[in-house]
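Q: Sharing a structure with you now.
The values are calculated or read from the model by the stated rules, or taken from the named source; none is laboratory data. What you see is a predicted model, and the numbers here were worked out from it, not measured in a lab. Don't worry about glycine lacking a Cβ; one is built from the backbone with ideal geometry, like all the others, and counts go over all protein chains shown. For the accessible areas, the whole protein counts, side chains as well, though only heavy atoms, and no ligand, DNA or RNA atoms are used. Shrake-Rupley method; radii C 1.70, N 1.55, O 1.52, S 1.80 Å.
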Amino acid sequence: MSEARAGMLLGAAVVLAGLFGPWVYHADPYAIHPAYALQAPSRHFPLGTDELGRDGLALLLAGGKATLVVSLPAAVLAFVTGLAYGLLAGLGPGWLDKVLMRLLDVVLALPSLVVLIFFASIVPLNNASLVLLLGFISWPGLARLVRNETRAQRGRDFMLAARQAGAGPFYIARVHVLRVVAPVLVVNATFLVGDTIFALSALSFLGLGLQPPQVSWGSLLQSALDIIALAPWWLIVPPGLMIFAALLAASLTGRGLLRR
Amino acid sequence: MKPVLEIRDLTVTLKRGGRDVPVLEHFNLSIVPGEMVALVGESGSGKTVAALSVLRLLPLGAKISGEIFLDGENIAQAGEARLRQLRGSVAGMVFQDPLAALNPSRTVASQIGEAWRVHKGGSVLAAREKAVELLGEVGIPDAAARADDFPHQFSGGMRQRVMIAMALACSPKLLIADEPTTGLDPVIARQILQLLARLRRELNLAVLFVTHDLSVVAEHADAVHVLYAGRSVEWGGAKTFFAQPRHPYSAALRGAVAWLGQARLAEIPGQLPEPEARPPGCRFAPRCDYAQADCAVEYPAPVERGTTAACLYPLRNAERAGSAGVEKVVQKFAPLLEVDGLALRFGKGLPVLENLSLVIGQGECLGIVGESGSGKSSLGKAVLQMLPYAGHVLLGGQDLGGLRGAKLRAARRRMQVVFQDPRESLNPRMKIGEIIAEPLHLAGVAKPEAMRRVKALLADVGLSAALMPVYPGSVSGGQAQRVAIARALAAEPELLVLDEPTSSLDVSTQALLLNLLRGIGAKRGLSCLLISHDFAVVSYLADRIAVLRGGRVIEVNETAALLANPREAYTKALIEAAPRLQS
Amino acid sequence: MLRRLLSSAVSIFLLVTLVFFMAHLTPGGPAFSILGQKATPESVAALNARLGLGAPLLKQYGIWWWHLLHGQLGYSYLLNRPVGALLWDYEVNTLVFYAIAICLSTMLAVLLGAAQGVWHGRWPAGVIGVFQLVFYATPPFFTAAILVLCFAVGLHWLPASGIGNPRLAHPGIGTFAAHLVLPVITVMLLTVPMLSRYFGEAVHEELGKDYVRTAQAKGVGFAGILFRHVMRNALRPLVTMLGLSFPYIFTGGVIVESVFNYPGLGWLLWRSALGRDYPVLIAIVLLIGLLTVLGNLLADLVNGWLDPRGQYE
């Protein structure tokens, strides 16, 4: 089985579990059962319970849904922004490219998590604001890539030949540049999904993402870490593995597609 | 005399997609001291594999059988430690593309010194002295001062001299040169050949010279050995060979080279078979005009008649292989393109073109010859309105200088271009049919009509309509270049700019393409601006030739007159560097 | 080189400007910086009222630069100290931690990458490849949690967290080192996969280049080819990568420092964000940006030395 196919299957499994898991496993993630606090996995609680006695599996599925509902739209937003910015710099006149790239350099000098943390401390945190925040902060890498690829294609002989045959700049951008750059775009869109899932999980882990009572994979890990002295491995491993699976899926798919 | 190198019945297989594929079979060769043997073949012939196996430098997964006697010792099965002792000391090697073959981050002296120290030991300082001495010997001016420079600080020719100095560091008895002049300007290539000839004389060095280009070795080689699809087809003394090749393939190869002043080029139809799909019997038989039914039965035994040829029906005297080319007709022309006082520079750099004026007549082919850096490609791009310039370019009396927008696009359409590298000039993600239809599509030709014309154009350039849904990545270089020509013709231009249209192609493909261009030019009454570093190619196609140097035209004349009577010393040097047959 | 320096200077200028506008977005605004050490929420409100919304942006911008150049970065009301001094303490901790982590990461990455490049296509490279794939996809907070679970909670070999501020508490070198083990391993598991894969590919690519065959034809042995020819050329992209990946490493650092309660810049950033301590946040963002620009400059300098052609951009 090729890397790309393995990645896509894994990714599909994660997305299905996250988005549709709550329909199959009906337990209420927010129901508190103090009598059953911190139980190891059993027939009754397949993934144990947390310190409040909430069902681990139900929490995991709810957390997945919350994570995906924010990070997937954010990835789309980042993709569109990065693509537009990169194309503008790559196809625009030289001075515009210089200005845009210089700005991008500065933005890229700031680690995205740092900028995220900064803005997360300013704006009210909810699904919509997090989508906007993640979307508008995750695009610079893609923008630079699109710009570099586009610049590298510019002035290639086949574009000169098309221009000689009477093609205008928009025709060349649409037919020649986009077609040649498309495979790179697909690969990096995949990586972008991984990036936003990671960023959201990291923010939530730091308490600056989705706010309680909403749970996410990142916040589940954080609350498990708070009571790590009690060694609740069943609260740490499942959310960690889910994030790992999502990132692995993105990275496998991207790498596999890159080799084509 | 005892041979320095003797190869007996060598067969080499390489790993390809998990299988062992034979790339060289039953190969025999011997070289005595002071002899230069030319190993000639087109790409895929196995010539480089033959050269690499002498020092056992083959890629991982290669298997060899047979015997390789290097200075009397059979190294075919020698261990890695012994091979290391022999490499560089008994035989040195020079590769194509010296910029890639030298380590970019070490000085040339340290790289040459390393070759010396590996075998002779000694201090770094002594090695540097040796390196300086060697650099002087291969003709690097001011060797002591240049020794600590890095490879990128040398010109192409000088870099190849550095490679030669490195190969000679431990005074080997044999020098293996793998395409040492490919990619160099003809004048520089000729200097490298002269250097090799001198070293061979002075050091009594045996030279194995590997090349795809017969013309390179015509002057200096003692013996010629021609490979085709992994088998030797003909070998023997160079004089005898060039006077009358016996094997139809080598004869066709000789005829396909654009020798200076040649009236017609021979063509070799068809393509080299893939190593996995080689025909039984004579490998050239499917492409051979002289092939009979029994040629396909088993590989022919070599027959000696002057040279030795592995052919059942070797050519007799005065027979020429390959079908005839197209004759050139000389005529007078009314002006189509006028270039007046053209000047061009990049940024604040030195001027690329200065006050350059030219005229191309209706239906005329004007050749532009010059070395790299002479500004010839920039001239083409300026004419095509791809680069900003000062001065005037008039097409059919209309000044193209101030045009903008739709008018500029319309003007551009009247001039089409064929670039050097068809891989670069065809969008890898568009089908061949789409590529040729693009100019039609842009001109607003309806789809069914466009499809009909694409088919006609494909036929015009000698390609099948079955290629329409194919991507350019899966056709050969020659076919791709035909597609590029078809696309250029689709716009129905008045002027065709050909920028080194054949220099990335094999000799036999080049001949086909030159004949095609000649035919198209004659049939359509098309004007051509042909840009090339190769005087022979230009003289084959052009009615007139302009010689470009340092951004200026230093000489223009009718082709025959220029060849017979060059005015400038530089023109003379270019003509002398062009391949020619001794009569 | 002068051009490179100049370009870094422009970057720094733009960075400061960008951060100024970011500061404008905070509830307090740059008034924090203007007031410097005396800033309290009340005085900030007073100043904002005095300057009003109509205060010329350009003037505020000028004051912002003035304070920056005088090292006045504002006052942390959460930790009750001037930001400049505060940052200095935490930055020292961070630099110690990063110096150790990056040195070890680079060494391990070079080792693994070289092995991977040399054995390309054979099983040792495959094993390294799987390691890279798995740990590249493992988020650092998960790695950290597992490490703590195993080595601190389970086996009691190493402390999980809470070194405190080593400059203030003067812990012994042994204690300090013990506290660093798990954080450093976490950072290494984050960076080594990326760096070693990058280096491995560079080594493999260099090994396939023509000059390697030339060296072989001279009679140079494999060790000579690897160490005298290939390594140096393959290090160049690794150095560039190191310079470029500083933000990436710092991202991991924030998480690692917060998991292990290691008092570095990342930890401070996190605490300040949770406590809405904007002067500190702004100062850290600025500092990280500056460090990144300088990191890239350093990488360029090293590369200029590694590659005589100077073909780096």
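Q: Return the only residue of A:Ala12, A:Ala4, A:Ala17 being out of contact with any His (no Cβ under 9 Å at 6 or more places or on another chain) and open to solvent by 40 Å² or more (accessible area, probe 1.4 Å). Break it down into steps so the answer makes sense when it comes.
A: Working: A:Ala4 fails: open to solvent by 40 Å² or more (accessible area, probe 1.4 Å); A:Ala17 fails: open to solvent by 40 Å² or more (accessible area, probe 1.4 Å).
Every option except A:Ala12 fails the conditions.
Q: Still on this structure: Inside the range C:77-101, can you point out the residues that are crowded, with 16+ Cβ neighbours inside 10 Å and under 11 Å from the mean Cα position of the chain (by Cα)?
A: C:Thr94, C:Phe97, C:Tyr98, C:Ala101
Q: Counting residues that are aliphatic (A, V, I, L, M), out of contact with any Leu (no Cβ under 6 Å at 6 or more places or on another chain) and farther than 22 Å from B:Glu219 by Cβ, which helices (runs of 4 or more DSSP H) fully inside the range B:531-583 reach at least 2?
A: On the way: elements: B:535-541, B:559-564, B:569-577.
Ranges flagged: B:559-564.
Q: Considering (1) free of Cβ contacts under 8 Å to residues at least 12 places away in the same chain; (2) closer than 16 Å to A:Ala165 by Cβ; (3) among the hydrophobic types (A, V, I, L, M, F, W, C), say which one B:Ala486 fails and leave the rest.
A: Tallying (1) free of Cβ contacts under 8 Å to residues at least 12 places away in the same chain; (2) closer than 16 Å to A:Ala165 by Cβ; (3) among the hydrophobic types (A, V, I, L, M, F, W, C), B:Ala486 fails exactly one: (1).
Q: To continue, here is another question. Those residues that are modelled with pLDDT under 85 and closer than 17 Å to B:Leu495 by Cβ, I need them from the range B:363-373; list them, please. Can you show your working first?
A: From the range B:363-373, those modelled with pLDDT under 85 are B:363, B:371-373; that's our starting set.
Matches in the range B:363-373: B:Gly363 only.
Q: Considering only the range C:114-136, I want to know if a residue exists there that is assigned to a loop (DSSP other than H, G, I, E, B), at pLDDT below 75 and either in the same structural domain as C:Phe199 (by TED's automatic domain parsing) or β-branched (Val, Ile, Thr) (or both).
A: Here is the first cut: in the range C:114-136, the ones assigned to a loop (DSSP other than H, G, I, E, B) are C:119-122.
Imposing the further condition that a residue be at pLDDT below 75 reduces the set to none.
The answer is no; no qualifying residue exists.
Q: Would you pick out the residues in the range B:90-117 that are open to solvent by 50 Å² or more (accessible area, probe 1.4 Å) and at the interface with chain C (Cβ under 7 Å from one of its Cβ atoms)?
A: Restricting attention to the range B:90-117, the residues satisfying the condition of being open to solvent by 50 Å² or more (accessible area, probe 1.4 Å) are B:96-97, B:99, B:116-117.
Once the filter is applied, which keeps residues that are open to solvent by 50 Å² or more (accessible area, probe 1.4 Å) and at the interface with chain C (Cβ under 7 Å from one of its Cβ atoms), the range B:90-117 yields only B:Asp97.
Q: With a cut-off of at least 1 residues that are within 14 Å of chain A (Cβ to nearest Cβ) and under 19 Å from the mean Cα position of the chain (by Cα), name the helices (runs of 4 or more DSSP H) lying wholly within the range C:205-259. Give the derivation first.
A: Details: elements: C:210-218, C:231-244, C:246-259.
Filter on the range C:205-259 gives C:231-244, C:246-259.
Q: Looking only at the range B:466-483, decide whether some residue is charged (D, E, K, R), crowded, with 22+ Cβ neighbours inside 10 Å, more than 10 Å from every other protein chain (Cβ to nearest Cβ) and closer than 27 Å to B:Ser43 by Cβ. Lay out the reasoning, then the answer.
A: We begin by selecting, within the range B:466-483, every residue charged (D, E, K, R); these are B:482.
Of the ones still in play, those that are also crowded, with 22+ Cβ neighbours inside 10 Å are B:482.
Next, only the ones that are more than 10 Å from every other protein chain (Cβ to nearest Cβ) stay: B:482.
Subset that is closer than 27 Å to B:Ser43 by Cβ: B:482.
Yes, because at least one residue in the range B:466-483 is charged (D, E, K, R), crowded, with 22+ Cβ neighbours inside 10 Å, more than 10 Å from every other protein chain (Cβ to nearest Cβ) and closer than 27 Å to B:Ser43 by Cβ.
Q: Another one. Kindly provide the set of residues from the range B:12-58 that are assigned to a strand (DSSP E or B) and among the basic types (Lys, Arg), ordered by number.
A: B:Lys15, B:Arg16, B:Arg19
Q: Going through B:Lys407, B:Lys455, B:Lys431 one at a time, which residue ends up being more than 10 Å from chain A (Cβ to nearest Cβ), in contact with a Phe, Trp or Tyr (Cβ under 8 Å, 6 or more places away or on another chain) and among the basic types (Lys, Arg)? Show your work before the answer.
A: On the way: B:Lys407 fails: in contact with a Phe, Trp or Tyr (Cβ under 8 Å, 6 or more places away or on another chain); B:Lys455 fails: in contact with a Phe, Trp or Tyr (Cβ under 8 Å, 6 or more places away or on another chain).
Testing whether each residue is more than 10 Å from chain A (Cβ to nearest Cβ), in contact with a Phe, Trp or Tyr (Cβ under 8 Å, 6 or more places away or on another chain) and among the basic types (Lys, Arg) leaves just B:Lys431.
Q: Do you know which of the residues in the range C:270-280 that are hydrophobic (A, V, I, L, M, F, W, C) and closer than 16 Å to C:Gly253 by Cβ is most open to solvent (accessible area, probe 1.4 Å)?
A: Residues of the range C:270-280 hydrophobic (A, V, I, L, M, F, W, C): C:270, C:273-274, C:280.
Applying the additional criterion that residues be closer than 16 Å to C:Gly253 by Cβ yields C:270, C:273.
Numbers: C:Trp270: 27, C:Ala273: 0 Å².
That would be C:Trp270.
Q: With respect to B:Ala62, is the statement that it is open to solvent by less than 10 Å² (accessible area, probe 1.4 Å) and touching a strand residue (DSSP E or B) at 6+ places or on another chain (Cβ under 8 Å) true?
A: It is false that B:Ala62 is open to solvent by less than 10 Å² (accessible area, probe 1.4 Å) and touching a strand residue (DSSP E or B) at 6+ places or on another chain (Cβ under 8 Å).
Q: Right, something else. With the condition being open to solvent by 10 Å² or more (accessible area, probe 1.4 Å), I'd like the strands (runs of 3 or more DSSP E) fully within the range B:193-264 carrying at least 1 qualifying residues. So that I can check it myself, show each step before the final result.
A: Values: elements: B:206-211, B:223-228, B:231-237.
It comes to B:223-228, B:231-237.
Q: How do the helices (runs of 4 or more DSSP H) wholly within the range B:340-443 filter down when requiring 3 or more residues that are under 26 Å from the mean Cα position of the chain (by Cα): which remain?
A: On the way: elements: B:376-383, B:405-413, B:422-425, B:432-442.
The helices (runs of 4 or more DSSP H) meeting that bar are B:376-383, B:422-425.
Q: So, B:Ala78, is that one farther than 30 Å from C:Asp307 by Cβ and in a loop (DSSP other than H, G, I, E, B) or not?
A: Working: farther than 30 Å from C:Asp307 by Cβ: yes; in a loop (DSSP other than H, G, I, E, B): yes.
Criteria met by B:Ala78.
Q: Pairs under 8 Å by beta carbon, first residue touching a residue at least 24 places away in the same chain (Cβ under 8 Å) and under 17 Å from A:Asp55 (Cα atoms) in the range A:231-255, partner among the polar types (S, T, N, Q) and assigned to a helix (DSSP H, G or I), six or more apart or different chains?
A: A:Leu235/A:Ser223
Q: Name, by its number, the condition in (1) open to solvent by less than 40 Å² (accessible area, probe 1.4 Å); (2) of a type in the set (Lys, Arg); (3) modelled with pLDDT of 85 or more that does not hold for B:Arg518.
A: The number of the failed condition is (3).
Q: Read through the list (1) touching a residue at least 24 places away in the same chain (Cβ under 8 Å); (2) in contact with a helix residue (DSSP H, G or I) (Cβ under 9 Å, 6 or more places away or on another chain); (3) of a type outside the set (Gly, Ala, Ser), then give the number of the only condition that B:Leu60 fails.
A: Looking at each condition in turn, B:Leu60 falls short on (2).
Q: Could you please give the count of residues in the range A:193-221 that are free of Cβ contacts under 8 Å to residues at least 40 places away in the same chain, at the interface with another protein chain (Cβ under 8 Å from one of its Cβ atoms) and either open to solvent by 10 Å² or more (accessible area, probe 1.4 Å) or among the aliphatic types (A, V, I, L, M) (or both)?
A: Residues of the range A:193-221 free of Cβ contacts under 8 Å to residues at least 40 places away in the same chain: A:205, A:207, A:212, A:221.
Adding the requirement that they be at the interface with another protein chain (Cβ under 8 Å from one of its Cβ atoms) leaves A:205, A:207, A:221.
From what is left, the residues that are either open to solvent by 10 Å² or more (accessible area, probe 1.4 Å) or among the aliphatic types (A, V, I, L, M) (or both) are A:207, A:221.
Residues meeting the conditions: 2.
Q: Just give me the residues in the range B:35-45 being under 12 Å from B:Ala223 (Cα atoms) and open to solvent by 10 Å² or more (accessible area, probe 1.4 Å), in sequence order.
A: Start the filter on the range B:35-45 by keeping residues that are under 12 Å from B:Ala223 (Cα atoms), which leaves B:35-40.
Passing the criteria: only B:Glu35.
Q: Another question about this same structure. Please enumerate the residues belonging to the range B:443-455 that are free of Cβ contacts under 8 Å to residues at least 24 places away in the same chain and open to solvent by less than 50 Å² (accessible area, probe 1.4 Å). Write out each step before concluding.
A: Our first condition is that a residue be free of Cβ contacts under 8 Å to residues at least 24 places away in the same chain; within the range B:443-455, this holds for B:444-452, B:455.
Across the range B:443-455, the qualifying residues are B:Val445, B:Ala450.
Q: Go through the range B:367-381 and report how many residues are surrounded by 24 or more Cβ atoms within 10 Å (Cβ to Cβ), closer than 20 Å to B:Arg518 by Cβ and not β-branched (Val, Ile, Thr).
A: So the count comes out to 1.
Q: Still on this structure, please answer the following. I'm told C:Phe199 meets every condition in (1) modelled with pLDDT of 90 or more; (2) over 22 Å from C:Ile128 (Cα atoms) except one. Can you identify the failing condition by its number?
A: Exception for C:Phe199: condition (2).
Q: So which residues in the range B:357-398 are in contact with a Phe, Trp or Tyr (Cβ under 9 Å, 6 or more places away or on another chain) and of a type in the set (Asp, Glu)?
A: Passing the criteria: only B:Glu364.
Q: Could I ask something else about it? I'd like to verify a number: residues in the range B:86-134 that are farther than 24 Å from B:Gln153 by Cβ, in a helix (DSSP H, G or I) and of a type in the set (Val, Ile, Thr), how many?
A: 1
Q: Sticking with this structure for a sec: Could you say whether any residue in the range B:154-162 is within 28 Å of B:Gly373 (Cα to Cα) and either open to solvent by 60 Å² or more (accessible area, probe 1.4 Å) or in a strand (DSSP E or B) (or both)? I'd like the intermediate steps shown before the answer.
A: Residues of the range B:154-162 that are within 28 Å of B:Gly373 (Cα to Cα), as a first pass: B:154-162.
Right, trim to either open to solvent by 60 Å² or more (accessible area, probe 1.4 Å) or in a strand (DSSP E or B) (or both) and you get B:155.
Yes: the range B:154-162 contains one or more residues that are within 28 Å of B:Gly373 (Cα to Cα) and either open to solvent by 60 Å² or more (accessible area, probe 1.4 Å) or in a strand (DSSP E or B) (or both).
Q: Exactly one of (1) within 14 Å of chain C (Cβ to nearest Cβ); (2) more than 22 Å from A:Ala202 (Cβ to Cβ) is unmet by A:Phe136. Its number?
A: In the conditions (1) within 14 Å of chain C (Cβ to nearest Cβ); (2) more than 22 Å from A:Ala202 (Cβ to Cβ), A:Phe136 misses (2) alone.
Q: Hey, another quick one. Quick one: how many residues across the range C:191-211 are closer than 21 Å to B:Ala109 by Cα and surrounded by fewer than 20 Cβ atoms within 10 Å (Cβ to Cβ)?
A: Counting residues in the range C:191-211 that are closer than 21 Å to B:Ala109 by Cα and surrounded by fewer than 20 Cβ atoms within 10 Å (Cβ to Cβ) gives 2.
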